[in-house]
Structures are given as C-alpha cells and as structure tokens.
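Below is one structure, written out as structure tokens; comments come after it.
A short reminder: the numbers here are calculations on the coordinates, not readings from a lab. Quantities reported herein were computed from a predicted structural model and do not represent experimental measurements.
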Amino acid sequence: MNKQELIEKIEALPAEDYKYRPYIDKKVVLALVRQLDEPKKVVIPQYIADKIEYCKKSDDYSLFYAIDYCYNFKKCASWLIFKSNIETFALAWIFGYEVKEEKRYIVKLKGVPDGAKFLKYAKVTQEWYFGMKGLYSDREIRHTRKQLEDAGFGWVFDCEGIEIEEVE
C-alpha cells in the first residue's frame, strides 16, 4: 500500500458527526498505517558503500558531488556507468542501504598436512600465516578477494598449488 491508497482508505472510513469532529476508530487507522510500505533499502557493493560513507561524513558533498567523486575510481565508475546503478546510488544516499556480502574464500595449500594447510590472518598481530583450520575469534580463515589482493595474495587464484574453496 502506498501513501495515496492509505489516504483514500482513511477518507472512506465511516465517520459520525460528533459536533465538529468525525469519529474514526484509532485501531482501524493504526492497522491501515501498519500496512503502509516503507522504502526498502537497496543493496550495493561494499566499495560503493565506502564512498557513500566517506562523502556523508564530509559536509562538502551533496548527492551530485558524491556521484561525481565516485567517478574518480575505476571500479566505482564501471559500476555507475549503468543508469539503474546511478538510481540505486541515489536511493542508497537518501534511504540507506544494505551491503552486498562479498564472496569469501578459504585458501589451502595442496599436498601439505592439515596443520599448516590453511591461510589465516591473525587480527591482533595483523600477520598472515599458514596453520590449522580451527576457527578462533582473533583469527580469520575466510577471506574476501579484496582482502587477499590488498595483502599481496591475489596470485592464489591463479596458482596450481593452491586450492580455493568458496564459502558462505
């Protein structure tokens, strides 16, 4: 239900004339209002969300300048080249957004015992190493492509000695 439909339904409610104000059942009106559609948040990639957050933190950017700013980045510009994505950007700017979850990967060395097979990242020491599959809160075993590339591990996607497992 949209706003105009809600208005029409409220106007169509029976009203008795109690001097100068019509009587409308509050419970009926509230039930109608609960049916009103709220704008749904659009889903955008993380790299677009990062640019929106950067621009929103600064008072220098309006929607127009935020889009213009994004064209300075190749990945963002290639996303914004489509008209529907510009509209999605505008909706995200105005109504908020949800970030599209990036694919995550487990990187394994082939032919190595499980004790040193899995590429891991220690959050506390900020170091990468190969170790057991065990999951710990201070270590990450599931990595995005961007994380791997930023750390210099982009080559793992093209290496025959590495097994890549896509995970949820």
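Note on the range 42-99: Kirkwood hydrodynamic radius from all Cα pairs is 11.1 Å, rounded to one decimal.
With the biggest extent put first, the Cα atoms of the range 1-97 measure 65, 26, 18 Å across the principal axes. Helix 83-95 axis versus longest C-alpha principal axis of the chain: approximately 70°, rounded to the nearest ten.
One way to sum up the overall shape of the chain is the equivalent ellipsoid from its Cα gyration tensor, whose semi-axes run 51, 23, 14 Å, largest first.
Per the Cα gyration tensor, the range 104-167 maps to an equivalent ellipsoid with semi-axes of 17, 15, 10 Å, ordered largest to smallest.
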